[in-house]
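The values are calculated or read from the model by the stated rules, or taken from the named source; none is laboratory data. Just so we're clear, the structure is a prediction, and the values are computed from it rather than from any experiment. Cβ: placed from backbone, ideal geometry, glycine included. Neighbour counts: every protein chain shown. Heads up: the accessible areas ignore ligands, DNA and RNA and are worked out on the full protein's heavy atoms, side chains in. Shrake-Rupley method; radii C 1.70, N 1.55, O 1.52, S 1.80 Å.
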Amino acid sequence: MQAAIRLRQVLRLLGGIAVALVGGTLGFHATLDESWFQAFYRAIVTATLAGLDTIPATNGARIVSIVLVFSGLTIIAYTGAVIVETIAGGVLTGVLAERRRERSIERMHDHFIICGYGRVGRRVAEEFRASNVPYVVVDFKQEAVEAAKEHDDLLIEGDATDDADLKRAGIDRAAGIVVASDDDADNLYISLSARSVRPDVQIVARASDEAAEKKLLLAGADRVVLPYTAAGRTMANLVLKPQVMSFLDAVTTATGPDLHMAEIEVHATCANAGKSIRDIRVRHATGAIIVALRKRDGTFDTTPEPDAVIEPGDVIVGVGTTDELQRLEDLFARPQEPVAG
């Protein structure tokens, strides 16, 4: 839209210059009986306000000169206005867009912050987008900024090792932080900063080797992912257990088929807390399958029996379609408090 407006302005400007020069050339040629080149030269000198080559000898030539001078003034004024509008408009548009982003981030709650928008960070964002999970990107590298803007991501152009930039990204209201910088030292500083600002926030960090993994865990990261180790394990399993890996990829990738996994925490006030899977009739009520239970003490029941009791604080790992998992979540959701009249 803006490009089309700018093009029309440039075409009008070029048209005005052409009309002034052609009209001046014709006028001087007719009134002074000069050659075409001399008339064109006189038109240029007059229209650009550079001065008069010689004082016009006839009143007709003087009238042409006056018209050209005013035309030149108009063209110069219009050119200046277009330039000022272009500069001011670009700056103003950028300021307004930045302010809109800041307001959107200020309104966010329970979102995730992606620190570092390289290959790993972009893959995380892709999964978040597919799952409709709100997130904010923090990075200052030109390539990362361009990639974030291309996907219309909410972006903080800053350094995630700086507490101020983390606060701008809403760390005080965030549900978790993905520390995905390519540099282990940066990831260490980010984890330390995030943990000092929010002791209770979930932090998942990237590390290049086991030594960095240990340091990140000490710095406060809850989980550490080693991309090369994970890639090697995945490749080995794809060769040894191809069908198992295909299934796991289908249920753990948000952009894959309509079969996913979800984890649901059982609240103490949930009506179904303290009941068994058989009593709740989970499969019949939701269509989803409970494949694991993480108990409050951190242990896992990977093959829960129908008589397994789901207690407050347990985390349910379920498999199903998006709708089935939503019904499973509703089954164990915190009851809504009545609205005061």
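List of remarks:
- Scope the range 235-267; condition modelled with pLDDT under 85, in contact with a helix residue (DSSP H, G or I) (Cβ under 6 Å, 6 or more places away or on another chain) and outside any loop (DSSP other than H, G, I, E, B); matching residues: Asn237, Leu238, Met245, His260, Met261, Ala262
Table: residues versus (1) over 30 Å from Val82 (Cα atoms); (2) in contact (Cβ under 8 Å) with a residue 24 or more places away in the chain; (3) among the aromatic types (Phe, Trp, Tyr); (4) crowded, with 17+ Cβ neighbours inside 10 Å.
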position: Gly24; (1), (2), (3), (4): no, yes, no, yes
position: Ala50; (1), (2), (3), (4): no, no, no, no
position: Gly60; (1), (2), (3), (4): yes, yes, no, no
position: Phe70; (1), (2), (3), (4): no, no, yes, no
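- Top-ranked residue of the range 194-226 - restricted to ones that are assigned to a helix (DSSP H, G or I), out of contact with any Gly (no Cβ under 9 Å at 6 or more places or on another chain) and open to solvent by less than 40 Å² (accessible area, probe 1.4 Å), ranked as farthest from Tyr117 (Cα to Cα): Ala219
- Test for Ala231: is it within 29 Å of Ala125 (Cα to Cα), modelled with pLDDT under 80 and either touching a helix residue (DSSP H, G or I) at 6+ places or on another chain (Cβ under 9 Å) or assigned to a strand (DSSP E or B) (or both): no
- Candidate set from the range 146-172 (those that are under 20 Å from Tyr189 (Cβ atoms) and assigned to a helix (DSSP H, G or I)); member that is least open to solvent (accessible area, probe 1.4 Å): Leu166
- Out of Val138, Val124, Val133, sole residue that is without any contact (Cβ under 8 Å) to a residue 60 or more places away in the chain, among the β-branched types (Val, Ile, Thr) and assigned to a helix (DSSP H, G or I): Val124
Yes/no per residue for (1) of a type in the set (Asp, Glu); (2) touching a His at 6+ places or on another chain (Cβ under 8 Å):
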residue: Asp165; (1), (2): yes, no
residue: Gly220; (1), (2): no, no
residue: Phe247; (1), (2): no, no
residue: Glu265; (1), (2): yes, no
residue: Ala273; (1), (2): no, yes
